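Data first, discussion second: the structure below is written as structure tokens.
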């Protein structure tokens, strides 16, 4: 028996076995930022389009520019129970297929006007099946967290509605609100 050859083969086998767990044979990589949610890149892009449909870019910054889609995922990951997360994920995974079935086009392929009409139709409709209920829950939750994330963003709190902790010496209780003026809604 040749010891060198046996040791070489043993080292090669051990190195190969050490590499096997790091191999990823899945089609899409799961984003590691979310512990509880198993989100893929394509699902994150779908969520970006949905958030952009809810609060699009106009003369003001849109929700995608402020990274609100990440806020939605963090809130779903950290603040929802296991059952709510499961329903959210079911709605997220089936949303593109549901829109294709209901309107003939996948949500990711829709233009902004068509996407807005589809979202409004789903939110106004009454869900009857389990798929519709998961999609409806996913949309309601996403809309809620999108608005919350946008309204509490640094951009809104500093540039659109400057935050003043206490009314202070400049407080004027008789001041009339002028349309278009920056308003402090918190004080």
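Looking at segment 1-82, the helices (runs of 4 or more DSSP H) lying wholly inside it that each contain 1 or more residues that are at pLDDT below 75 and over 30 Å from residue 161 (Cα atoms) sit at 3-19. Taking every residue in segment 119-141 that is modelled with pLDDT under 90 and pairing it with any residue that is outside any helix (DSSP H, G or I) and surrounded by fewer than 16 Cβ atoms within 10 Å (Cβ to Cβ), at least 6 positions away or on another chain, the pairs with Cβ-Cβ distances below 8 Å are 132/125.
Just name the residue that is nearest to the chain's Cα centre (by Cα) out of those in segment 128-156 that are farther than 22 Å from residue 48 by Cβ and exposed (fewer than 14 other Cβ atoms within 10 Å of the Cβ). Show your work before the answer.
We begin by selecting, within segment 128-156, every residue farther than 22 Å from residue 48 by Cβ; these are 128-133.
The next check asks that each one be exposed (fewer than 14 other Cβ atoms within 10 Å of the Cβ); those that pass are 128-130.
Working: 128: 25, 129: 24, 130: 22 Å.
Going through the qualifying residues, I end up with 130.
Cβ-Cβ distances below 8 Å connect the following pairs, each with a first residue in segment 152-170 that is modelled with pLDDT of 80 or more, a second residue that is in a helix (DSSP H, G or I), and a separation of six or more residues or different chains: 153/68; 156/150. Hey, does segment 86-109 have a residue that's in contact with a helix residue (DSSP H, G or I) (Cβ under 9 Å, 6 or more places away or on another chain), in contact (Cβ under 8 Å) with a residue 60 or more places away in the chain and surrounded by 12 or more Cβ atoms within 10 Å (Cβ to Cβ)? Checked against the condition, which is being in contact with a helix residue (DSSP H, G or I) (Cβ under 9 Å, 6 or more places away or on another chain), in contact (Cβ under 8 Å) with a residue 60 or more places away in the chain and surrounded by 12 or more Cβ atoms within 10 Å (Cβ to Cβ), segment 86-109 yields at least one hit.
The values are calculated or read from the model by the stated rules, or taken from the named source; none is laboratory data. Here the structure is a predicted model, which is why all the values come from computation and not from measurement. Ideal geometry is used to build each Cβ from the backbone, glycine not excepted, and the neighbour counts take in all protein chains shown.
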